[in-house]
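What follows is a short report on a single structure.
Please treat every number below as a calculation from the coordinates, not as lab data. The shown structure was predicted, so the numbers you read here are calculated from the model rather than taken from an experiment. For neighbour counting, all protein chains shown are included, and Cβ atoms are generated from backbone atoms with ideal geometry for every residue, glycine included.
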Ligand SMILES: Nc1ncnc2c1ncn2[C@@H]1O[C@H](COP(=O)(O)O)[C@@H](O)[C@H]1O
Ligand SMILES: Nc1ncnc2c1ncn2[C@@H]1O[C@H](COP(=O)(O)O)[C@@H](O)[C@H]1O
Ligand SMILES: Nc1ncnc2c1ncn2[C@@H]1O[C@H](COP(=O)(O)O)[C@@H](O)[C@H]1O
Ligand code: NA
Ligand code: NA
Ligand code: NA
């Protein structure tokens, strides 16, 4: 197998900003993303509602290191102060390097 | 970016124990957690029900190494024998180290 | 703790092939899997429907390196050309090595 | 035997589709919704009827009901222990000492289609019967030890979905009375049987998915899952008659005794007796007893009630 | 005070279950479904009635409604500013200047059970009143600066679920007329009160979950959450009377003024005024004002409407 | 043209909301629930009517139906092949040879609102027509090769949601008869049109989301998506008349011919002909033909049926 590596950036945040967040990510160079619905607890309290306002999403973006850092930086500046959000990154081995 | 690392502990187990499990995690030092609904198959058979008894949850905790090991150890002792459960850990790069 | 490592293989693809995909994985040596429902966007466009045809699943398999590579290879051959699919792998530390 | 009620046909459709591995599943949210509406509807209906009459005669009966909820699992336990480990025997005993609201709903629909009347307050018994068997099951599994977190468990038992919704429905129906409930009847009464049909469709699919575990765990569970409800129905019918219930009430009471829980008890056992294998109890309760009761038991228990009343008179 | 409407009892059941931390939750998909059907039903009902009459007299009233939607949050802001940071005060003011469709539905059900009639076109006001307060709230938080993405926001406001479904329902009901709507009435009209009951059950659970934040954020929000609707109801009742509405219409109008949004405004504020803490506004709106209006306010506002009409005559 | 049926207005509302990118979506679980209830309801209704009459005259008609299900995709294929790759042409041909239950439901509602009667057993044809086109599509894509896993596929085709629920409904309705079904009618019959309205709201949103792919894939699909149903309706109308169906039955049969699948066929094609691009077939079926049939086609096919009967007489 190809032994190519990319960054996997995972963001957990409020569903309320899904549309904006994904648009930002694409603008900054992500070629794709995956979203799952989630609930959780963090510094901004419990977020586990079935109804919109207090539910979370978990977004994954597979991209090169530079893009991941650019997105992370942007999210920190634009959303971190006012929204419930955490993010983390790791290196993953991928199959079709030309895709990301 | 900060180049700080933490452990990401992922637990996949029965929905039935969600409440207890999360309480245990917080008691052992987790500052937060994220839960998604899941289904799956493992040594205890297929777990893919829409109805409560046989569905899974997937819990992620981002924390320092010691806390992750403490939680993993506790889960092994308390739940592993009697509940469908797997867990695994990895190192991830984070943005706001003071949070975890 | 045990300090044993395994591969975590993550596949994001169309819900339409869930049944076949999981059967293939088991045939190739996976002892278990975990599935969550997801939505996303990639080279084959937006996939975010509530109704069946255009929704995604996110499948995780924890297994040894050889199995992970065998599955990845098979998926590439069998599904990559015709289905929306990405996959990536990483090393994770596990608790009960005999299980996987 | 009278022709099968259409709701039972829905159960059979689900069972057949499940056994054929058809690509059919009620979404989890819908199953949840249906069971919530059924629980509320049963409670509301009982409450409305209670509002029509004086509840004084009710009190002495409650003790008998509680007693039955204690005796039945105690009787089942030694039989189960003969073949199964202690926690499994205790857990299954608890399942069979408690009740299945789905089975009860089928019986109610069946009586209605047969034009048989019954006492309005039976839903009170359903709420009550859910609980004692859980306690008995835990004590059987653990002895009187201090390992069990009784507070956590009491919470689980008294504040489970079934008790809250059926009990709450009883109170609301009683407070609102027939007049007040009329505008809510469109959802809770007129659609009852349709919702029950969809619920049974999914129950059929679930029962089918239990068949694999049944095959693995052998004939003992199958035999137990049929003989136990028959014997319980005898006890229930007899108690019902002692309590002075009508034929319809006696049939419902026998059904309650014969039915095995698959919601409240599994959840409580999973927390309190985790070493019991949930596959065994669910295979028996969902894979054998529920189908048996729905297909064969319910009409039989009405015949039984008639027989008891004839013999008693 | 008349006996509590059964739908209010469902709210109390949810509240009690939530406070007791019972294991009860309406699935998210069902909550979404119920709120969609309620929004459509209110719109359709209004539209059908509009089809019966000439809409000419409607036009002058709309200006007054819009004005009220602007004045109420402007009046609330300085009071809130006294204790809260600017973004929080602005956001909460927007919540209270807008409306709660759930509260409106309770009032409609209450008037029906009391046999009080009202003008058919009130749902038009509901749609209209949702919007201006959002604009006011953003201006209060931001000043006239250029920071806000008004296009994105206008989209959020004018194409939110509430406006689309209620507005769309109005149009469909109006186009289809009473005859055309009859075959749809089974779902949208006959089940309205049952759906409302389930919705309120979940609202009770949600309100209970807000109690923790309330405790943390102190008495100010509680007092505000009760006094503000009372004063708004006075304004709304007075405006309704000036507009020549009937007693029922005046009571509904007072209810609209007194109610606080918990769907459209939170979503818009989260995007446009992110530095406002959503916990504060939801705790006040869902944890104090919604329960207050449902339990105490709605009957009170009918009395108020009667009083205003008596004094006015 | 008669005024638009209100359920069609719901479709337009969804379409408009979707094109305006409004924040509106029916939860997946609700969409699933609605389509399950609609499938069951259509089957049950057909079954109840079958119970009223002798089914002997049905048998010869079934062969004709199957034949049409084979001929239509075979006719569409060469046209599609003119512009598209083999797998895409085969897959789209299969979509148009099969049927859309949503379109059928709109036609049924339309006939009811026009007071036009039709043969009770048409739902049997719907179940039957779902299947042959899938086989034809696969053969067209693959030739008679051995590559296809026919067992797996037969399972997909004969045990798909549509066949199981509609077929099961037919059997249950037939076994229960009009009397037995009455208590279930509250859910399956009285709410039918309301559920259909919600379903069409979501279908409008889905159709809107297909518009982007349509723009990309050019005019050919749009033209095909309108001309093909018109021609199919002619064939269907003519076959219906040959079979001796009434005007209403002929109109329904023409509608079936004209409608294109968007549930069973896409799922089967995705597995059996994966190299076909699902975007193309769904854009045509959901983005063009479904809206066309709902808005224009259905009333037209009734006119057509009348014309054929007049000419034939
Ligand atoms: N330590 C943690 N581990 C896992 N998930 C977390 C953690 N902290 C926060 N989260 C998730 O991130 C969301 C927002 O976090 P916060 O901004 O801290 O409220 C929470 O609702 C959780 O879902
Ligand atoms: N090898 C595996 N890879 C991914 N998930 C697994 C694996 N084994 C088990 N699981 C998940 O963990 C749950 C419990 O596992 P078990 O205790 O082995 O039954 C299963 O239902 C799966 O969701
Ligand atoms: N760069 C990416 N990062 C995260 N998820 C992706 C990425 N690309 C694709 N995906 C996911 O994989 C699915 C299939 O991808 P594709 O085959 O590229 O359409 C998409 O619908 C997304 O859910
Ligand atoms: Na029992
Ligand atoms: Na207001
Ligand atoms: Na067709």
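Here are the numbers for the structure shown:
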{"item": "Label geometry 7 Å along the beta-carbon vector: residue D:234 inter-copy distances in nm", "result": "7.5, 7.5"}
{"item": "Helix C:18-27 vs. chain C, principal-axis angle (Cα, 0 to 90°, nearest 10)", "result": "30 degrees"}
{"item": "Isotropically averaged projected area of the protein assembly as shown, using the convex hull of Cα atoms (one quarter of hull area), nm²", "result": "48.1 nm²"}
{"item": "Using distinct alpha-carbon pairs, which all enter the 1/r mean, Kirkwood radius of region B:34-91 in Å", "result": "12.7 Å"}
{"item": "Mean Cα-pair separation over length for region F:223-299, i.e. relative contact order, pairs under 8 Å, 6 or more apart, %", "result": "37 percent"}
{"item": "Convex hull (Cα only) mean projected area of region E:55-166, reported in nm² to one decimal", "result": "8.5 nm²"}
{"item": "Alpha-carbon centroid distance for the pair region E:87-127 / region E:1-80, whole angstrom", "result": "5 Å"}
{"item": "Whole-number D in µm²/s for region D:235-313 (Stokes-Einstein; Kirkwood sum over Cα pairs; 37 °C, 0.692 mPa s)", "result": "240 µm²/s"}
{"item": "Inverse of mean 1/r across different Cα pairs in chain F, Kirkwood, Å", "result": "19.4 Å"}
{"item": "Helical contribution to [θ] at 222 nm, DSSP H n ≥ 4, -39,500 (n - 2.57), averaged over the protein assembly as shown, rounded to 500", "result": "-20500 deg cm²/dmol"}
{"item": "Over region F:163-305 - Rg/Rh using Cα atoms and the Kirkwood inverse-distance radius", "result": "1.02"}
{"item": "Cα Rg, Dmax, chain C, angstrom units", "result": "14.0, 44"}
{"item": "For region C:1-46 and region E:175-228, distance of Cα centres in Å", "result": "41 Å"}
{"item": "Fewest-first sequence of E:121, D:155 by Cβ atoms within 10 Å of each Cβ", "result": "D:155, E:121"}
{"item": "Folded to 0 to 90 degrees: helix B:65-78 orientation relative to chain B principal axis, Cα", "result": "20 degrees"}
{"item": "Overall dimensions of region E:113-211 as given by Cα atoms, namely Rg and Dmax in Å", "result": "18.0, 51"}
{"item": "Over chain B, relative contact order from alpha-carbon pairs under 8 Å, at least 6 apart, %", "result": "48 percent"}
{"item": "Mean separation of Cα contacts under 8 Å (6+ apart) over length of chain F, as relative contact order %", "result": "33 percent"}
{"item": "In nm, spacing of pseudo-spin labels at residue E:212 and residue E:149 (7 Å Cα→C-beta vector)", "result": "3.2 nm"}
{"item": "Gap separating the Cα centres of region C:55-75 and region E:232-276, nearest whole Å", "result": "55 Å"}
{"item": "In range of the label at residue E:114: residues from region E:1-38 whose backbone nitrogen is under 18 Å from the point 7 Å along Cα→Cβ", "result": "E:1-9"}
{"item": "Equivalent ellipsoid dimensions for region E:81-127 as semi-axes, Å, which come from the Cα gyration tensor, largest first", "result": "32, 12, 7"}
